[in-house]
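Trainee: First the structure, which I've put down as structure tokens, then a few questions once you've had a look.
What follows is calculated from the coordinates using simple rules that are stated; it is not laboratory data. Here the structure is a predicted model, which is why all the values come from computation and not from measurement. In this analysis, Cβ positions are derived from the backbone assuming ideal geometry, glycine residues included, and neighbour counts consider all displayed protein chains.
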Amino acid sequence: MQQKPNQDERRMFSRITKQFMTKFRLYKGANYSGGWQISVTKDLSYGGCYLISDHSLHLNDILELEMQIPIKNRFLRLFGEIVRVEPLTPDGSAQGIGISFMKIDENHKEDFSNLLEEFLKTFRAGSR
């Protein structure tokens, strides 16, 4: 019988476990639904992130995100699709949200790449 790969084996990008202050809002075409919500990432990769939300979000929702990074003390602007929603409390008031990045603002791509490379180097050096 063939075994299913675990979640880590299916990942295309290495993840870093790091908290970054993130604000997000629901994006619908050229319109936004609701105001900005505040959260913190639990992990991050080139392909996406995982964050905690106390707002009702659903699979396939599109979010605009602004993630505060320590490089130049600025925000990265990204768009992502929700690919996983996990209830974290019995009443569903807190959710774990898996987001797959769809677009990174052109002005922020280099900063995002540099940020991840720096954290991945630190992680690899510490795991030796």
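Trainee: Could you list Phe101, Phe24 so that the one with the fewest beta carbons within 10 Å of its beta carbon is first and the one with the most is last?
Mentor: Phe101, Phe24
Trainee: Report the extension gain between Gln68 and Val83 in nm, rounded to one decimal, defined as 0.36 nm multiplied by the number of residues separating them, less their alpha carbon distance.
Mentor: Length gained, Gln68 through Val83: 3.2 nm.
Trainee: Starting with the fewest neighbours, write out Tyr46, Tyr27 ranked by other beta-carbon atoms found within 10 Å of each beta-carbon.
Mentor: Ascending Cβ contact count within 10 Å gives the list Tyr46, Tyr27.
Trainee: Using only the alpha-carbon atoms of the stretch 15-126, report the extent along each of the three principal axes, biggest first, to the nearest angstrom.
Mentor: Extents along the principal axes: 41, 34, 21 Å.
Trainee: Going by amide H atoms built from the backbone, whose H comes under 5 Å of the H on Asp61, apart from near neighbours?
Mentor: Placed amide hydrogens put Ile82 under 5 Å from Asp61.
Trainee: Fewest first, what order do Met102, Met67 take by the number of other Cβ atoms within 10 Å?
Mentor: Lowest to highest Cβ neighbour count: Met102, Met67.
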